[in-house]
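The values are calculated or read from the model by the stated rules, or taken from the named source; none is laboratory data. All figures in this text were calculated on a predicted structure; none of them were measured in a lab. All Cβ positions, even for glycine, are placed from backbone atoms using ideal geometry, and neighbour counts span all protein chains on display.
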Amino acid sequence: MISIADHEDPEAELATYHRVDAAAFGATRSSQQEAAKRPLIEPSRWFLATLDDEPCGGAGSFATELTLPGGATVPAAAVSDVGVLPTHRRRGVAAALMSRQLEVAAQEGDAVAVLHASDAGIYGRFGYGVATRWRQIRVDARRATFRADRPTAAGRTRLVTREEAARCCPTVHDAARQHTPGGLARSAAWWDVVLGDSGAYLGGDPEQLVLVHEDDDGSPDGYAIYRVHQEWSGGQAAHTLAVWELVGTSPAVELDLWATLVAHDLIDTVTGPIRVDHELRDVVVDARQVGVRWDQDLLWLRLLDVEAVLGARSAGSEDSVVVEVVDGFRPRTGGRFLLVGDGDQLRCARTEAPSELRLDIDDLGALTLGGGSARALARAGRIELGHRDAATRLDRLLGTDPMPWCWVRF
Ligand SMILES: CC(C)(COP(=O)(O)OP(=O)(O)OC[C@H]1O[C@@H](n2cnc3c(N)ncnc32)[C@H](O)[C@@H]1OP(=O)(O)O)[C@@H](O)C(=O)NCCC(=O)NCCS
């Protein structure tokens, strides 16, 4: 029988959880790594599963905020570390964990759950859809040149110490994520990990450098966290500069940061993550010098309260559509909803009106931040149309420009 521990002794459960979760990923976790991670964890958000009294799986989440199109934010559970021991798989343990986790997240007031998937085949059945994508690029730093007419920002870039970075980066991050659909809040404890040197979790690489962009008044408005991997080929430097995270409060600031990194001496290649429709390729003379290493799903989004989320976001058009949302995993989240946009704000309420379009909750999650296409899903047979232009209206209502983007990894 599967049971989920009731947090009677959260610290003991956490210790077991760490061991089980690491083994699920085929790894071990040192006490130093556990200690680095501990400040991030709210025990009530972490769940340990047992099968026939044997601890065998876990799932956790961090409390955060997700930015919607238009700039409103909703409370979100950032789901992480879902794992089941290889000896206990395919017996329903992950499904039981997902069910409990979503229940508790909804009780705690989270309107959505979000995650990064290590395997894209797992989470659709639990109601998650791909809401943002990301692109890893590879820039040929010796060949790429920037157009003379590219936007540039007033101010300057400078390398800062970790201590300065800890003062500058969170402010920039917070300003940028609040106007970026898909943006996530990052807690102080997470910043300690990202800019620390534990090397224990996401970020925290002691070799990382931080470049900050400041405006004319000296206020930080962008940063890049990166490191250089040295390689000497036949006595010649052929280094790679790997960007971990690059964030600016405007496109011009981001382009200045990219340009500074691409101009770095001794570097052959610059790699890093960008929004799929980022302007970088449009501001170099030869766009082929900005190659795509991969382009794939990034933030998966699971709606827990359809009205609260869709009703808080902006609308791309003056339109309306009635959608029937099918939620096979958490049926009470689904239902029929009337979406009305006035070209500015979207309103969303349950309705008895006839449905014009029927879709699963994971597909609605994929459309929620404006990064998906209802018309494409309809062509793929995933959306059932009751009215011939319903998918077009839904796309117009939910569409955003630029594309949603999430640079926070958790
Ligand atoms: C992925 C993982 C958590 C699944 O755990 P599990 O207990 O075996 O999953 P369940 O038995 O509850 O399976 C639930 C459903 O998901 C399906 N499923 C599970 N893992 C899957 C996978 N990797 N790919 C596709 N489908 C998967 C099952 O077939 C089952 O489908 P059904 O509802 O149609 O019967 C587990 O295999 C694991 O820990 N893998 C390694 C770590 C990992 O990848 N974690 C995900 C981190 S984002």
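With the structure loaded, tell me whether G372 is outside any helix (DSSP H, G or I) and crowded, with 20+ Cβ neighbours inside 10 Å or whether it fails that test.
Working: outside any helix (DSSP H, G or I): yes; crowded, with 20+ Cβ neighbours inside 10 Å: yes.
For G372, the condition - outside any helix (DSSP H, G or I) and crowded, with 20+ Cβ neighbours inside 10 Å - is met.
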>> Taking the conditions exactly as written (assigned to a loop (DSSP other than H, G, I, E, B) and either touching a helix residue (DSSP H, G or I) at 6+ places or on another chain (Cβ under 8 Å) or of a type in the set (D, E, K, R) (or both)), does R19 satisfy them or not?
In response: no
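Considering only residues that are basic (K, R) and assigned to a strand (DSSP E or B), look in segment 321-355 and name the one that is farthest from R125 (Cα to Cα). Reasoning before the result, please.
The initial filter retains those residues of segment 321-355 that are basic (K, R), namely 330, 332, 336, 347, 350.
Those left that are additionally assigned to a strand (DSSP E or B): 336, 347, 350.
On the way: R336: 20, R347: 27, R350: 23 Å.
The selected residue is R347.
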> Can you tell me which residue in segment 124-145 is farthest from the ligand (Cβ to nearest atom), limited to those that are closer than 20 Å to L310 by Cβ and in a loop (DSSP other than H, G, I, E, B)?
Replying inline: G127
>> Quick test for you: out of D197, D192, D205, D174, pick the one residue that is under 25 Å from the mean Cα position of the chain (by Cα), in a helix (DSSP H, G or I), of a type outside the set (S, T, N, Q) and at pLDDT below 95.
In response: D192
> Just to be sure, is T152 of a type outside the set (A, V, I, L, M, F, W, C) and either out of contact with any helix residue (DSSP H, G or I) (no Cβ under 8 Å at 6 or more places or on another chain) or surrounded by 20 or more Cβ atoms within 10 Å (Cβ to Cβ) (or both)?
Replying inline: no
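So which residues in segment 109-123 are away from the ligand (no atom under 14 Å from the Cβ) and surrounded by fewer than 15 Cβ atoms within 10 Å (Cβ to Cβ), if there are any at all?
Across segment 109-123, the qualifying residue is only G109.
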> What number of residues within segment 79-98 are assigned to a helix (DSSP H, G or I), more than 17 Å from F25 (Cβ to Cβ) and within 6 Å of the ligand (Cβ to nearest atom)?
Replying inline: 1
>> Of the residues A76, A49, only one is over 24 Å from the mean Cα position of the chain (by Cα), closer than 20 Å to A105 by Cα, not in a helix (DSSP H, G or I) and not assigned by TED's automatic domain parsing to the domain that holds S317; which?
In response: A49
> Out of the residues in segment 52-73 that are within 11 Å of the ligand (Cβ to nearest atom) and farther than 19 Å from L299 by Cα, which is farthest from the chain's Cα centre (by Cα)?
Replying inline: C56
> Any residue at all in segment 231-247 that is under 29 Å from G370 (Cβ atoms) and polar (S, T, N, Q)?
Replying inline: no
> If you go through segment 16-30 one residue at a time, do you hit one that is closer than 21 Å to A120 by Cβ and of a type outside the set (A, V, I, L, M, F, W, C)?
Replying inline: yes
> Taking segment 1-39 as the region of interest, how many residues are within 16 Å of the ligand (Cβ to nearest atom) and hydroxyl-bearing (S, T, Y)?
Replying inline: 4
>> Within segment 265-286, take every residue that is more than 26 Å from the chain's Cα centre (by Cα) and surrounded by fewer than 16 Cβ atoms within 10 Å (Cβ to Cβ) and give me the one that is nearest to G234 (Cα to Cα).
In response: L266
> Among the residues of segment 99-108, how many are away from the ligand (no atom under 16 Å from the Cβ), part of a helix (DSSP H, G or I) and not small (G, A, S)?
Replying inline: 2
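Would you check if there is a residue in segment 218-236 being crowded, with 19+ Cβ neighbours inside 10 Å and more than 23 Å from the chain's Cα centre (by Cα)? Explain how you work it out, then say what you get.
As a first pass, look at segment 218-236 and keep what is crowded, with 19+ Cβ neighbours inside 10 Å: 220-226.
Filter again for more than 23 Å from the chain's Cα centre (by Cα), leaving 220.
The answer is yes; a qualifying residue exists.
In segment 131-147, how many are among the aliphatic types (A, V, I, L, M), within 16 Å of the chain's Cα centre (by Cα) and surrounded by fewer than 23 Cβ atoms within 10 Å (Cβ to Cβ)?
So the first thing to find is which residues in segment 131-147 are among the aliphatic types (A, V, I, L, M), and the list is 131, 137, 139, 141, 144.
Still in the list and also within 16 Å of the chain's Cα centre (by Cα): 131.
Now drop any that are not surrounded by fewer than 23 Cβ atoms within 10 Å (Cβ to Cβ), which leaves none.
The number of residues fulfilling the criteria is 0.
Give the residues of segment 146-156 that are part of a loop (DSSP other than H, G, I, E, B) and not β-branched (V, I, T), sorted by residue number. Steps first, please.
Restricting attention to segment 146-156, the residues satisfying the condition of being part of a loop (DSSP other than H, G, I, E, B) are 147-155.
Scanning segment 146-156 gives R147, A148, D149, R150, P151, A153, A154, G155.
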